[in-house]
Amino acid sequence: MRLKRELGLLDVYCLASGAMISSGLFILPGLAFARTGPSVMISYFLAGLIAIAGVFSQAEIVSAMPKAGGTYFYVKRALGPAVGTVEGLLTWFSLSLKSVFALIGMAAFMSIFVDIDARLTALALCGVFTVINLIGTREASRIQRVLVFFLISALLYYVVRGVSSIDVMRFEPFAPNGWGATVSTAGFIFVSFGGLLKVASMAEEVKDPGRVIPLGMILSLVTVTILYFLVVLVTTGVLDAGALSTSLTPISDGAFAFMGTPGRLILGGAAILAFISTANAGIMAASRYPMALSRDGLLPVKISALGKRFRTPYVSIGITVAMMVFFIFLKLEVFVKAASAVLILTYLMSCLSLIILRESRLQNYKPVFKSPLYPWIQIAGIIGFGVMLAGMGMPALVSSMAIVIVGIFVYWFYGRIRAGRESALLHLIERITPLELSSRTLETELKEIIRERDDIVKDRLDHVIERAAVLDIEEHIDASTFFGMVADEMAGRIGIDRDIFVRLMHEREKESSTVLTSNLAIPHIIVPGENKFEILLARCRGGVEFSQSATDIHSIFVLTGTRDERNFHLRALAGIAQIVHESDFDKDWMRAKNIEDLRDIVLLGERKRP
């Protein structure tokens, strides 16, 4: 059962932005300032800059594979099920921790208004968001829009009011602990950019995902990085170093410094909205990872079950919430380092996955959005994420490795005998070695994903192509030899004598050449009878010599039909003409590995459909 596609660009933007603007901004600046001093604003900007590599990589891959499970789904297809299992658990763990972080932070900020136990408040709110997510994605996303609108408005108000109160002397010395501390702090606060993963996990529920998801992710990252920089700049400039380095409510304290109690209440309220937004989005997104692992056989199938009434993954939501409840009672510092470390690993694997997918030359890997400056952005991202991860310290690395070990354990003892093993990595190995390691299962899956993504409904031409004969010829041949080979394949299908078929082919070519370009010919003939129509696809690597002026034709489409099929004959000609005029058609046609790849090029080609 498929999830409903009901999220638009605004929903994607609000989901990502609301998930990012929370604990990373309303709690972490004080802790981060204590590590690096006034250069903390550079740490936020640097983290956002490095995140670009991960975002571009994710945006491209998700535009090609918009399925629930986001990063797990495509890492498994790129690097194999073992790495995919580890990635799925890492991301699930990271998003769940970020949501717990938000719940605890929200409870702490609520103490500004009422005296209530923070953990009890967090538990109660966890229950509320669970109910919202069980009811449906659309309802959760509507709440998200309202929360993000008020949140961004409050932060812009804070920046505009606070700029005039900045004391530039508070920025001296700018990096008292050295620039190394500034870089390591960027890794510490990287959890602030985890919201972008939540978009990837919700991809199956987005309308027009190939366009909407990349645009929403990029707009969100730009907005949030600028907001982070400006808000931290103002906060650093209006608070004393001693007060800021020990504060767990730095933005509210900053607002109090230049707006008094009303400012504290406004930004405290904005913080609560931010935490609500993150917790809501976190449960929505994190729960899609166990569901995706279950779909692929790496976790029990029951976990992917959808409710009959609301079509939400109720079992996966329940497991995610149960884990969050457990983590509510752990120490705050543990959340930040562990969540940031696994998030950095996830972004690193996104960059690596894109390189593997591109270099494997999978024919049916067809992203709508392509990362600019490939592969340099991805290489820079892998190096940057590696440097940040190394600076996180041993506790964060140990916690990350513990999750990696659990993932390998789950795969080895449960998923290994249940999940398919084909990946883009195997196709890449085939490219550089004589080994044959892959089947067509991944190409077939990608074909179905494209059809679902682009809402392609099969028409009659698709059905004709699916059963069409395909010739894949290596040597150079003349037209007569080629016509004989076509007749061997087509005469029986169309129900006429082979010699008659060959004669009709020659007569059609004499009337006017069917060669359309230096590389393409579309012979088409009328045959006796009624209600008959067939197509043959042919590739000749050595080239077919149709005439002295057309000696090297590599792509040939032969159309045969009875006179009563004249209208469909013309529609088929028009459809094929649209497909072969795509800019990459010639290159893809010659690079196809086998006859099924040739067939897929036509089936997935862009053309107008009835």
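The values are calculated or read from the model by the stated rules, or taken from the named source; none is laboratory data. Predicted model, so just to flag it, every value in this text is computed and none were measured. In this analysis, Cβ positions are derived from the backbone assuming ideal geometry, glycine residues included, and neighbour counts consider all displayed protein chains.
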For the subset of region 436-447 comprising residues that are surrounded by 10 or more Cβ atoms within 10 Å (Cβ to Cβ) and assigned to a loop (DSSP other than H, G, I, E, B), which member is modelled with the highest pLDDT? R440
Could you say which residue among V457, V368, V410 is crowded, with 19+ Cβ neighbours inside 10 Å, among the hydrophobic types (A, V, I, L, M, F, W, C) and assigned to a loop (DSSP other than H, G, I, E, B)? V368
Members of region 228-279 that are among the aromatic types (F, W, Y), in contact with a Phe, Trp or Tyr (Cβ under 8 Å, 6 or more places away or on another chain) and closer than 17 Å to R161 by Cα: Y228, F229
Has region 331-344 got any residue that is of a type in the set (A, V, I, L, M) and surrounded by fewer than 18 Cβ atoms within 10 Å (Cβ to Cβ)? yes
Please find, among A279, A322, the residue that is modelled with pLDDT under 85, of a type outside the set (S, T, Y) and surrounded by 20 or more Cβ atoms within 10 Å (Cβ to Cβ). A279
Looking at region 156-167, is at least one residue more than 23 Å from the chain's Cα centre (by Cα), aromatic (F, W, Y), assigned by TED's automatic domain parsing to the domain that holds T320 and surrounded by fewer than 20 Cβ atoms within 10 Å (Cβ to Cβ)? yes
Within region 388-407, the residues that are exposed (fewer than 15 other Cβ atoms within 10 Å of the Cβ) and among the β-branched types (V, I, T) are V398, I405
Filtering region 236-254 down to residues that are over 18 Å from G105 (Cα atoms) and either crowded, with 18+ Cβ neighbours inside 10 Å or not assigned by TED's automatic domain parsing to the domain that holds V191 (or both) yields T236, G237, V238, L239
Taking strands (runs of 3 or more DSSP E) that do not extend beyond region 517-576, which have at least 1 residues that are charged (D, E, K, R) and surrounded by 13 or more Cβ atoms within 10 Å (Cβ to Cβ)? 533-545
Taking region 471-516 as the search range and keeping residues that are out of contact with any Ser or Thr (no Cβ under 8 Å at 6 or more places or on another chain) and basic (K, R), which one is surrounded by the most Cβ atoms within 10 Å (Cβ to Cβ)? R493
If the requirement is being farther than 15 Å from I21 by Cβ and outside any helix (DSSP H, G or I), which of these qualifies: L244, L233, L215, L248? L248
Of the residues A82, A59, A68, A32, only one is small (G, A, S), crowded, with 24+ Cβ neighbours inside 10 Å and under 21 Å from I382 (Cα atoms); which? A59
What are the residues in region 378-417 that are in contact with a Gly (Cβ under 6 Å, 6 or more places away or on another chain) and of a type in the set (A, V, I, L, M, F, W, C), if any? M388, M392
Specify which of the listed residues (V75, V62, V83) is in contact (Cβ under 8 Å) with a residue 12 or more places away in the chain, under 13 Å from I213 (Cβ atoms) and either outside the structural domain of S192 (by TED's automatic domain parsing) or touching a helix residue (DSSP H, G or I) at 6+ places or on another chain (Cβ under 8 Å) (or both). V62
Does F501 fit the bill of being under 48 Å from the mean Cα position of the chain (by Cα) and not β-branched (V, I, T)? no
Breaking point among (1) within 19 Å of the chain's Cα centre (by Cα); (2) part of a helix (DSSP H, G or I); (3) modelled with pLDDT under 90, for A68: (2)
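Here is a yes/no grid of residues against (1) in contact with a strand residue (DSSP E or B) (Cβ under 9 Å, 6 or more places away or on another chain); (2) hydrophobic (A, V, I, L, M, F, W, C):
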site: I500; (1), (2): yes, yes
site: M505; (1), (2): yes, yes
site: T517; (1), (2): yes, no
site: A521; (1), (2): yes, yes
site: P528; (1), (2): yes, no
site: L537; (1), (2): yes, yes
site: C540; (1), (2): yes, yes
site: Q548; (1), (2): no, no
site: V558; (1), (2): yes, yes
Name the single residue that is modelled with the lowest pLDDT among those in region 168-208 being within 30 Å of P38 (Cβ to Cβ) and among the β-branched types (V, I, T). V191
Which of the residues belonging to region 164-188 are part of a helix (DSSP H, G or I) and aromatic (F, W, Y)? F171, W179, F188
